[in-house]
1. Among the numbered criteria (1) buried (at least 19 other Cβ atoms within 10 Å of the Cβ); (2) at pLDDT below 80, which one does Val25 miss?
2. Can you name the residue in region 62-100 that is of a type in the set (D, E, K, R) and within 15 Å of Pro48 (Cβ to Cβ) and, of all such residues, is surrounded by the most Cβ atoms within 10 Å (Cβ to Cβ)?
3. Could you please let me know if Val20 is buried (at least 19 other Cβ atoms within 10 Å of the Cβ), of a type outside the set (Lys, Arg) and modelled with pLDDT under 90?
4. Checking the structure you have, find out if any residue of region 29-38 is of a type in the set (A, V, I, L, M, F, W, C), at pLDDT 85 or above, more than 18 Å from Gly90 (Cβ to Cβ) and in a strand (DSSP E or B).
5. Mind counting the residues in region 44-83 that are at pLDDT 90 or above and under 13 Å from the mean Cα position of the chain (by Cα)?
6. Output the residues belonging to region 1-22 that are under 18 Å from Ser67 (Cα atoms), part of a strand (DSSP E or B) and not small (Gly, Ala, Ser).
7. Which ones in region 1-17 are at pLDDT below 85 and of a type outside the set (Asp, Glu)?
Amino acid sequence: MEFRGLLYYELTSRDGPDPVNLFIVEASTGPTRGMRLDYPSMTWKFDPITVQYSLIQDIDQGENQVSRVDRTRAEEIALLLKTPLPSEAGLRKLMQDGAS
């Protein structure tokens, strides 16, 4: 599996401009690995199925607006959501641990 970077997606509600979640997807030649902010625990959760489904559903059905953002904007969103974004190395480790 060749790692190609991390992609960040901001989800905003159609009802307002504020972000409602942040998804992180590992771009690679392997299976989809994704994370999202888990609200009950306020932690970053390895959840590739929900991330992939939500991105496709939101794009197709328009429940939320999905925008790809850069790392700087992702860090700003994480602070707005009250949960700091781990480093890229930290995110990759969380994804690797979650996938094993």
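The values are calculated or read from the model by the stated rules, or taken from the named source; none is laboratory data. Predicted model, so just to flag it, every value in this text is computed and none were measured. Every residue, glycine as well, gets a Cβ built from its backbone with ideal geometry; the counts of neighbours run over all protein chains shown.
1. Only one criterion in (1) buried (at least 19 other Cβ atoms within 10 Å of the Cβ); (2) at pLDDT below 80 is unmet by Val25, namely (2).
2. For region 62-100, the residue satisfying everything is Arg92.
3. Taking the combined requirement at face value, the residue does not satisfy it.
4. Looking for residues that are of a type in the set (A, V, I, L, M, F, W, C), at pLDDT 85 or above, more than 18 Å from Gly90 (Cβ to Cβ) and in a strand (DSSP E or B), one finds none in region 29-38, hence no.
5. 15
6. Leu6, Leu7, Tyr8, Tyr9, Glu10, Leu11, Thr12, Pro19, Val20, Asn21, Leu22
7. Met1, Phe3, Arg4, Ser13, Arg14, Gly16, Pro17
Listed here are the residues, each with its yes/no results for (1) within 20 Å of Glu2 (Cβ to Cβ); (2) part of a loop (DSSP other than H, G, I, E, B); (3) touching a Lys or Arg at 6+ places or on another chain (Cβ under 7 Å).
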site	(1), (2), (3)
Ile24	yes, no, no
Ala27	yes, no, yes
Ser54	no, no, no
Ser67	no, no, no
Ile77	no, no, no
Lys82	no, yes, no
Leu91	yes, no, no
Met95	yes, no, yes
